[in-house]
Amino acid sequence: MTAAVGDSEFARAGAGAGFRTCPATGRHIHLGAERLIKVHAVASVVSLLVGAIAAVLLVLTRWQAVHLLPADWFYRILGVHGMSMLIFFIIFFEMAVLLFASTVLLNARNSAPKTSWAAFGLMLAGALMVEAMMWSGRADVLFTSYVPLRADPNFYLGVIFFAVGALVTVGVFFANLVVAKRERTYEGSVPLVVYGALTAAIIAVITLVHGAAIYIPTYLWSLGLMEVDPQIYRMIWWGLGHSSQQINVAAMVAIWYMLGALTIGSVVLNEKISRSAFVLYILFISMASAHHLLVDPGMGPAWKVVNTSYFMYMAVLASMIHGFTVPAGMELGMRLRGFTNGMFDWLRRAPWGDPGFSSLVFSLVVFGFVGGITGVTIGTEQINIIVHNTLRVPGHFHATVVSGTAMAFMGATYYLIPLIFQKKVAFWKGAVIQPYLFAGGMLVFTLSMTFAGSFGVPRRHWDITFSGAQFDVQFNPIVDLILAVVALGGLTAATGAFLFVAIAVKSVFFGEPLGAIVKGTAMAGVPRGLTHPPVHAPDVDARNAALHRAAPGVMGPAPGTIVLVFVFLAAFIVYFFVNWKILSFLWRIG
Amino acid sequence: MHTDTHTGLDSPKGIWWKPAHKSERTWVGIAFAWCMVLFAMMPLWHWKGGQNPSGIRSRTTPAAYGARVGEFIKQYQTGTDRGWPVVTPPPGADVYLAAVSFNWYPILRLQKDVQYTLHLSSLDVNHGFSLYPINVNFQVVPGYDYGLRVSPNTSGDFRIICNEFCGIGHHNMVGRVIVDDAPVAAAVSGGTR
């Protein structure tokens, strides 16, 4: 069958009523789904704004020379920052991604509009309850709310509402896939990006079930109706807390494939390998709850070793596969369109002024080199002894969740604004530099935070001068300097985040309508991937075969990527073993 | 237009379970081998390495653990520092340290190159044991007794920082551990300042 038959299929399936045809991509976009995507995206950006304001207050407090907030407000705002960013910003955006992938990318309709709106309402109500409890000082328990620290019951209830709402939307996503298949809105298998979103959705179910399993008993505990064991709490809570970051990973990788396709015509090297890697995520990634329990008294070494390693690092293998297939797909996409010179000409001549592309590259590089390498290393059972609850931990996860996931989501937004909101991207010159500002700031922030943590500087700590403590603690003076650099990086990244919020809000609410895109003519406010779509020539299969024939050895058709992944592997090996060496100097402990 | 070469936004047509190129297979193989190295290091370190978070782990209650700490102090107290008991246990002894918002209790006086079993537990909420400045960190959970066999290989006047948020006074929670090069007479006061 050819695609032409598919097109007539859409027409019969009612592409007219309730749909519009995207002038840029030719896709049939369901208007009801589009409205839902918009409200989730807006809720996400508002959460990002709240979280970013909190971030500025926090870095200005941990910068000892400024030390802005009083102790109680520092811990309160730290809780606000965690919930607003890690839960509300990220999950609202992920719900938008799921709705987008299951409707727009499949030319399909949203199958349960009323349920979707009710779920969104529940999520919104939950988020507002949690924010109200935290800002009013009735939930000074930080993001993790470790029992037996106690918050107002309505805090836990708010989290439950939010999680249930998200779970319902995930259910709608699955329903949409079934309906799209039955209504034959697409042919063959779902695209790889949708497959990645499906992975995220399955992990979301696992995650949110953990959330229910821990927050419902904790809610009852806060009402005095039952007991909750602090160690069991930590184990199941991290089944929510860490696994939710794995929804991010799967969604982010899906967005990497999407942005690659939109900006430079990335191709899928091999569907089997990429899809198998997603399956590895589903099977093993939820074991990462153990990363937080490596120096806990409740679990034995065998449990810790098996779980922290995702059963022999199978989820790390998955990420290392995507870490190859994504850039190799980008390289091949460029080479197929004629950028065949040398090893890295494809990279040099890529559209670095397209914020969708620069976001993709920074997300990929910082997630892999900083977030990935530090994460695997500090998640090693014994190495965790020199890491647990120091600044190395937030140093790691800001490299994954912020430089990785949030950066990828920002890059996707630069395409969602014209494609879904049908507006030009406002402050276009700002948008072009925004990924550089944000990723550069985050890189300084995460590296310096990791460095400070290696001195044993604790995370979640108001005053490391210990001015009110009964015994003096005097960190190496260089720590003050490092924390000032942390603040500098944090403020730069926050400026990037505010710029992003300003661009998103201005574009969506007061933006200039997109109008007609003239192919081949650059337009301010429209990413290059839309004005100069990276379409492949009709003879692309022949070109692909020729590139493969010309490079039968291990360097293959994407030799630049081979060089890059070996640089990555070398960095990984060095960092990993340096940490073992440092560990070996300590007191004997066993 | 239908081509086999496609992006992640296109539906692959027909069977997509096809052999991968040699370069891709090679990378997957190398990544898999590296993952096995990552994994093997952990059991290897349990066997040959000197730093493991295994410990002797048991259940307790805050009341029972508090009583045990009291008994330990009564048995081996050698002095006071700012009103806090300084305890000098004999080599090889079980040492009991309690975390309670916002203190570490009691002050410990240990000997270099001698093994102790250091018990950690909390009398209220979660705390974080962080030995300053050598940066050794363990989670302290109420209801659980974490007995770690430790042998100090450096002498000095150490601090215990709390690095798990335990309430608004969290940042003031600091304890003290002294490690001597040689045995000290039991009558000597524990405080060096």
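The values are calculated or read from the model by the stated rules, or taken from the named source; none is laboratory data. As the structure is a prediction and not an experimental result, all values here were calculated from the model. Note that we place each Cβ from the backbone using ideal geometry, even for glycine, and neighbour counts take in every protein chain shown.
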Among the residues of the stretch A:182-213, how many are assigned to a helix (DSSP H, G or I), away from chain B (no Cβ under 11 Å) and not hydrophobic (A, V, I, L, M, F, W, C)?
-> 5
Taking the stretch B:118-144 and keeping residues under 14 Å from A:P297 (Cβ atoms), in a strand (DSSP E or B) and within 7 Å of chain A (Cβ to nearest Cβ) leaves B:G128, B:N137, B:F138, B:Q139, B:P142, B:Y144
Out of (1) assigned to a loop (DSSP other than H, G, I, E, B); (2) at negative phi, what's the single condition that is false for A:G342?
-> (2)
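Residues checked against (1) crowded, with 24+ Cβ neighbours inside 10 Å; (2) out of contact with any helix residue (DSSP H, G or I) (no Cβ under 6 Å at 6 or more places or on another chain):
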| site | (1), (2) |
| --- | --- |
| A:A54 | no, no |
| A:G79 | yes, no |
| A:M95 | yes, no |
| A:N110 | yes, no |
| A:W117 | no, yes |
Report yes if A:N544 is over 30 Å from A:G26 (Cβ atoms), buried (at least 18 other Cβ atoms within 10 Å of the Cβ) and within 11 Å of chain B (Cβ to nearest Cβ), otherwise no.
-> no
All but one of (1) modelled with pLDDT of 95 or more; (2) farther than 24 Å from A:M555 by Cβ; (3) more than 7 Å from chain A (Cβ to nearest Cβ) hold for B:M42; which doesn't?
-> (3)
Among (1) at negative phi; (2) more than 10 Å from chain A (Cβ to nearest Cβ); (3) surrounded by fewer than 21 Cβ atoms within 10 Å (Cβ to Cβ); (4) not charged (D, E, K, R), where does B:M36 come up short?
-> (2)
Could you tell me which numbered condition A:L106 fails, if it satisfies all but one of (1) closer than 26 Å to A:G171 by Cα; (2) under 24 Å from the mean Cα position of the chain (by Cα); (3) surrounded by fewer than 19 Cβ atoms within 10 Å (Cβ to Cβ)?
-> (3)
Evaluate the following for A:P533: is it assigned to a loop (DSSP other than H, G, I, E, B) and at the interface with chain B (Cβ under 8 Å from one of its Cβ atoms)?
-> no
Collect the residues in the stretch A:464-510 that are assigned to a helix (DSSP H, G or I) and among the acidic types (D, E), keeping them in residue-number order.
-> A:D480
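Filter the stretch A:29-56 down to residues that are in a helix (DSSP H, G or I), more than 18 Å from A:A118 (Cα to Cα) and touching a residue at least 24 places away in the same chain (Cβ under 8 Å), then give me how many there are.
The qualifying residues number 10.
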Go through A:V486, A:V473, A:V501 for me and flag whichever is out of contact with any Ser or Thr (no Cβ under 6 Å at 6 or more places or on another chain) and either among the hydroxyl-bearing types (S, T, Y) or within 28 Å of A:Y146 (Cβ to Cβ) (or both).
-> A:V473
Inspect the stretch A:549-567 for any residue being of a type in the set (K, R) and assigned to a helix (DSSP H, G or I) and give the result as yes or no.
-> yes
